Amino acid sequence: MSTGTMKKSHSQWSSRMGFMLAAAGSAVGLGNIWKFPYMAGQMGGSAFVLTYLLFMFIIGMPILVLEWLIGRRGQKNPIHTMEDVAVSEGHSKSWRWVGIIGVLGSFLILSFYSVIGGWATDYIVLAAKGTFEGVNGKTTALIFDNFKADVGSLLTWHTVFMFATAFIVALGVGAGLERGCKLMMPGLGILLLVLVGYAIYASGPAFYKACDFLFTPNWSALNGTAILAALGHAFFSLSLGMGIMMAYGSYLGKDVDLLSTARTVVILDVVVAVLSGIAIFPLVFANGLEPAAGPGLIFVTLPIAFGNMIGGTVLGILFFIFLTFAALTSSISLLEPTVELLEEKTHMGRKTATIVISILIWALGIACILSFNKWADVKFFDKNIFDSLDYLTSKIMLPITGLGTVIFGAYMMKQKRIQEELNLTNFWFKIWRVLTSIVIPIAIVAILVFGLQH
Ligand code: PHE
């Protein structure tokens, strides 16, 4: 959902439902279906999964609530919101840096998000051509490897995806997309369930192996890297630390209950991620694929299901269409903050601002594409360009802005008013206080310090 659209059509969300859909639209995306499974695979499974689940509820959810709460007070874009709310609470304007780093983060993330969105779009066409019929793990890997090496194709689909994102943001037709989402989201949910069903039916004992891999605690696999990855992914997955949820909060009516709305969004987000994991890993094990294969994981596993199940071609087409839409509702929310900023700071029109920013992001995306083939050897601290961008944003910038937000919320804002706004009894408010003023800040700092050394 594009925030700019909302401004024109109505100054507040028409209903709690409309708001929730937009927030969930931003949250549920490639992060759940593409990124979560491949990270779980790389980080050794359950230790990462369980830590991520824990962080979603004890760190992600309170920060989500705080971003909405601050946004609702500020009623502006994230940078000015932080500035205004800080000043009104008697503090320095410098708190705007939380907003600035956030906006920069959304810019960088979109450059690689669009590349992967392009992969999803291309897979619609591949599914429609019948490419996956009768495939096995070897052929899907081959199809993906060829695709990854084909710069022309990657560039085409990245361009298509970025163009679609820019088009929606420039014209402010996000509301139309939101309507589409009302159909697509449940559709995506149903298809994920079908895929889980197929995984149970077709993978035999590999299904238990997958569940074991994902859920039976293996704390020995837990190290600084995995904990930091789980924290970063909780932020990424809930679209936190980029001012995006703050911007959404500025359209929220006073009567909306932030806590219960946040709970629903977090649960939805987690369910989609976990279902994706349960759909994918049985296929990984049953077909002898490598769990730690990296960003290509869903693109080499799910086609096996579509290629061998009844009606698989149609389901495959639908799945990748839904995935592309889920990616689009997230990508427009990633583009919006930078466009809005440029529009305000330069008096450029909305369309020009969108074009300028989109071209910059698109260009950075090309570097990301090349890191999968021609520039695979260009490395920063041992990471290719794609991995570096992901590392810098998810593991450094998002936790830092998250830390800024929680410190601001716990130490710079009048707590009595927060208690009233969140409608908390004294007991629950104590828990909220302990979480936001002690547990979360210490956890983020410790994880950052510890994780960055490993
Ligand atoms: N949360 C989105 C996802 O899981 C990605 C995203 C990140 C969207 C940050 C907006 C902001 O795919």
Check your understanding: Using a 1.4 Å probe on the protein chains only, how many percent of the accessible area of the chain belongs to carbon and sulfur?
Key -> 68 percent
Revision key, fill the gap. Percent relative contact order for region 352-454, counting Cα pairs under 8 Å at least six residues apart, stands at 22 percent
Check your understanding: Rounded if a/c is under 1.5, else prolate if a/b beats b/c, else oblate: with a ≥ b ≥ c from the C-alpha gyration tensor eigenvalues square-rooted, which is the chain?
Key -> prolate
Revision key, fill the gap. For L424, other-chain or 5+-apart residues with amide H closer than 5 Å (H placed, Pro excluded) are none
Revision key, fill the gap. Helix-only [θ] at 222 nm, the chain, -39500 (n - 2.57) per DSSP H run of 4+, per residue, nearest 500, equals -24000 deg cm²/dmol
Check your understanding: Taking a 19 Å limit on the Cα-Cα distance, which of the listed pairs K93/K254; K148/K374; K76/K345; K35/K383 fall beyond it?
Key -> K93/K254
Point to revise | Positive-pole candidate from A40, A24, L193, dipole of the chain, charges at beta carbon | key: A24
Revision key, fill the gap. For the chain, the per residue accessible area (1.4 Å probe, Å²) is 38 Å²
Study note, to complete from the structure: Filtering the chain for DSSP H helices with an axial alpha carbon extent of at least 27 Å and a Kyte-Doolittle mean of at least 1.0 returns 96-128, 151-171, 174-203, 258-286, 312-346, 350-370
**Study point:** Estimated dipole of the chain in Debye, rounded to 20 [Cβ of Lys and Arg +1, of Asp and Glu -1, Cα centre]
**Key:** 760 debye
Review point. Counting only residues 5 or more places away or on other chains, whose amide H sits under 5 Å from the amide H of K383 once H atoms are built in the peptide plane?
Key: none
Review point. Given Cα pairs under 8 Å that are at least 6 residues apart, what percent is the relative contact order of region 16-452?
Key: 35 percent
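The values are calculated or read from the model by the stated rules, or taken from the named source; none is laboratory data. Here the structure is a predicted model, which means the values were calculated and not measured. No Cβ is skipped: glycine too gets one built from the backbone with ideal geometry, and neighbour counts run over all protein chains shown. Note: areas computed on protein heavy atoms with side chains; ligands, DNA, RNA excluded. Shrake-Rupley method; radii C 1.70, N 1.55, O 1.52, S 1.80 Å.
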